[in-house]
1. Which residues, counting only those in the range 54-90, are free of Cβ contacts under 8 Å to residues at least 60 places away in the same chain, small (G, A, S) and surrounded by 13 or more Cβ atoms within 10 Å (Cβ to Cβ)?
2. What do you reckon, is R43 among the basic types (K, R), within 14 Å of the chain's Cα centre (by Cα) and assigned to a loop (DSSP other than H, G, I, E, B)?
3. Looking for something under 17 Å from R57 (Cα atoms) and not in a loop (DSSP other than H, G, I, E, B) - is there at least one such residue anywhere in the range 15-27?
4. Can you tell me how many residues within the range 16-41 are closer than 17 Å to F81 by Cα and of a type in the set (A, V, I, L, M, F, W, C)?
5. Name the one entry in E40, E23, E53 that is at pLDDT below 95, within 17 Å of V99 (Cα to Cα) and of a type outside the set (A, V, I, L, M, F, W, C).
6. What residue, of L77, L10, is modelled with pLDDT of 95 or more and either in contact with an Asp or Glu (Cβ under 6 Å, 6 or more places away or on another chain) or at positive phi (or both)?
7. Scan the range 85-117 for residues that are modelled with pLDDT of 75 or more, among the small types (G, A, S) and not in a strand (DSSP E or B) and jot them down.
8. When the range 4-20 is examined, which residues are found to be surrounded by fewer than 16 Cβ atoms within 10 Å (Cβ to Cβ) and closer than 15 Å to V99 by Cβ?
Amino acid sequence: MQKSFDHLGLKTKKKQKGESWVESTRVWVTNPKEHPFHVEWLRYEPDSPVPREVQERPHIAFRVSSIEESAKGLHTLIEPFEVGGFLKVGFYEYEDGTVVELMEYLKDPDQWFPDEA
């Protein structure tokens with residue numbers, strides 16, 4: 001199963017330029033494609049249902065063709081869910097504690113929240 005690096009996710013408490021809202025996880029996110037080092041900033045609302053182990057730790061994200069295949073052998077932190085109608089993501093933990101986001105694009109991978117444009 002091929003995977004390619006997409007971004008690094010880091011938590012912030014500071015409002016960031018160009019944030020998009022993800023209602024299902026109650027988090028504001030930035031487009032990592034607009035950052036020179038592919039950083040996605042995440043700003044969680046206090047009532048976010050995202051588990052603390054995901055909120056409090058950085059994550060590394062990979063584009064994959066199949067989340068189910070790529071997640072084999074990983075501990076599930078957040079079951080796959082759809083974001084904005086263009087992406088399916090799931091969060092996992094590798095045996096060394098690394099938090100990994102697997103991303104399966106449903107539409108053009110160069111689009112970010114395409115309904116906002």
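1. Selection gives A61, A71, G90.
2. No, not satisfied.
3. yes
4. Within the range 16-41, residues that are closer than 17 Å to F81 by Cα and of a type in the set (A, V, I, L, M, F, W, C) number 5.
5. Going through E40, E23, E53 in turn, the sole match is E53.
6. L77 is the lone residue from the list that is modelled with pLDDT of 95 or more and either in contact with an Asp or Glu (Cβ under 6 Å, 6 or more places away or on another chain) or at positive phi (or both).
7. The answer is G85, G97.
8. F5, L10, K11
The values are calculated or read from the model by the stated rules, or taken from the named source; none is laboratory data. Just so you know, these numbers come straight off a predicted model, no measurement behind them. Cβ sites come from the backbone with ideal geometry, for glycine too, and all protein chains shown count toward neighbours.
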